[in-house]
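The values are calculated or read from the model by the stated rules, or taken from the named source; none is laboratory data. Everything numeric here is computed off the predicted structure, so don't read it as measured data. For neighbour counting, all protein chains shown are included, and Cβ atoms are generated from backbone atoms with ideal geometry for every residue, glycine included.
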Amino acid sequence: MNLNFGLIGTITYDFITSESGISSEGVGGVLYQAAALCGLGKKVTLYANLGEELLPDVEKIIKNWPTLRREGIIDVPGCGNQVQLFYPERGERVETLKSVVPPLNPDKIVENISELGMLLLVLNSGFDIELKDWQKLVEAASCPIWIDIHSLALAKELNTPRKYLPLPEWKEWAAGVCFLQANEKEVASMLGHPQRKPSETELHNFGDVALESGVKAVFITRGKDGILVVAPDESKKIPSADVDEVVDTTGCGDVFCAGTVLKLAEGKDPFESASFGLLLATKATRVKGIEETYILASDYRETDDSSRGI
């Protein structure tokens, strides 16, 4: 089975700094999911608006991904979606948007949506697609749908650190979706209290509310505390493995998304799927950037194929 994964999101250019003084920069955003899925040998049709000034950097990387279909990448004027990411010694990273691209037009996706075996929306910037256009896609889709709330919970402001805001409209985004991903801060926003960490009970209750609204499984990422998976008949915590040396955590939630979606598409249950996604995300903490993420996934696929005698 080699499904075509439709992937919607924003390609960013990230300027990353840490409190310790380490810095780096490069393309990111939805390319992390694309890198992991393509590295694992899966067909991906990527839909994103891309600033013309970022095109050479992106093309240099994705030209080496034979399973990526890039006809959904639309060139738009300007420098693209630029993001400053600051990682303090403790606490949440701080994100500042320097520039954005316009929301995606859904017409091309609707035109080709019957070819997709799975549809993913990753809201990397919060500007990725308008709600009404997303609802049009959900209505047209006949395949399972995954949504990562991600930056939708952040204020849509430029040149100032983005704050988490209440997100009462999350149910409208999740309507018709099979699988929902969010971290604890994003769940707090959906619960209406973005500045307070949700309790265990609140996390489980949120998952139950999402299930009642039609979602089939909820995946709440919790950093070092692993993943909470809420499904109709069972909820389960999946712990993170210990990592000797963390090189970079940027994109780890995205790699988790890719690995989990892959296993769900193969018919695995949410818990087994999340376990694989978490395993891949843990390995991703030992590498830096999009190209190394692709190599990591490709190496894992080759090792896995070899162990199964393929």
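In table form, for the structure just shown:
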| read-out | value |
| --- | --- |
| Test for Val261: is it outside any helix (DSSP H, G or I), modelled with pLDDT of 95 or more, surrounded by 13 or more Cβ atoms within 10 Å (Cβ to Cβ) and in contact with a strand residue (DSSP E or B) (Cβ under 7 Å, 6 or more places away or on another chain) | no |
| Which numbered condition Asn124 fails, given (1) under 16 Å from Trp170 (Cα atoms); (2) modelled with pLDDT of 95 or more; (3) in contact with a strand residue (DSSP E or B) (Cβ under 9 Å, 6 or more places away or on another chain) | (2) |
| Among (1) of a type outside the set (Ser, Thr, Tyr); (2) on the phi > 0 side of the Ramachandran plot; (3) not in a loop (DSSP other than H, G, I, E, B), the one test that Ile61 misses | (2) |
| Meets criteria (touching a strand residue (DSSP E or B) at 6+ places or on another chain (Cβ under 8 Å) and not hydrophobic (A, V, I, L, M, F, W, C)) for Gly176 | yes |
| The one condition in (1) free of Cβ contacts under 8 Å to residues at least 12 places away in the same chain; (2) under 18 Å from Val100 (Cβ atoms) that Trp134 fails to fulfil | (1) |
| Filtered residues of the stretch 186-202 (kept if outside any loop (DSSP other than H, G, I, E, B) and either of a type in the set (Ser, Thr, Tyr) or buried (at least 21 other Cβ atoms within 10 Å of the Cβ) (or both)) | Glu186, Val187, Ala188, Ser189, Met190, Thr201 |
| Residue in the stretch 146-157 that is farther than 28 Å from Phe15 by Cα and aromatic (Phe, Trp, Tyr) present | no |
| From the options Ser298, Ser235, Ser275, residue that is among the polar types (S, T, N, Q), over 21 Å from Glu184 (Cα atoms) and surrounded by 14 or more Cβ atoms within 10 Å (Cβ to Cβ) | Ser298 |
| Of the criteria (1) over 18 Å from Ile290 (Cβ atoms); (2) out of contact with any strand residue (DSSP E or B) (no Cβ under 6 Å at 6 or more places or on another chain); (3) among the acidic types (Asp, Glu); (4) at pLDDT 95 or above, which one Glu52 fails | (2) |
| Test set (1) without any contact (Cβ under 8 Å) to a residue 40 or more places away in the chain; (2) in contact with a Gly (Cβ under 8 Å, 6 or more places away or on another chain) - Ile227 fails condition number | (1) |
| Residue match in the stretch 174-185 (condition: within 19 Å of Val30 (Cβ to Cβ), assigned to a strand (DSSP E or B), touching a Phe, Trp or Tyr at 6+ places or on another chain (Cβ under 9 Å) and free of Cβ contacts under 8 Å to residues at least 60 places away in the same chain) | yes |
| Filter pass, Asn105 being part of a loop (DSSP other than H, G, I, E, B) and either surrounded by 15 or more Cβ atoms within 10 Å (Cβ to Cβ) or more than 19 Å from the chain's Cα centre (by Cα) (or both) | yes |
| Single residue of Glu92, Glu52 found to be touching a residue at least 24 places away in the same chain (Cβ under 8 Å), acidic (Asp, Glu), farther than 26 Å from Val247 by Cα and surrounded by fewer than 21 Cβ atoms within 10 Å (Cβ to Cβ) | Glu52 |
| Subset of the stretch 67-113 [in contact with a Pro (Cβ under 8 Å, 6 or more places away or on another chain), within 11 Å of Asp14 (Cα to Cα) and β-branched (Val, Ile, Thr)] | Thr96 |
| Residue within the stretch 159-171 that is closer than 18 Å to Glu212 by Cα, crowded, with 24+ Cβ neighbours inside 10 Å and of a type outside the set (Val, Ile, Thr) present | yes |
| Subset of the stretch 209-227 (residues that are more than 15 Å from Cys252 (Cβ to Cβ) and either in a helix (DSSP H, G or I) or of a type in the set (Phe, Trp, Tyr) (or both)) | Val209, Ala210, Leu211, Glu212 |
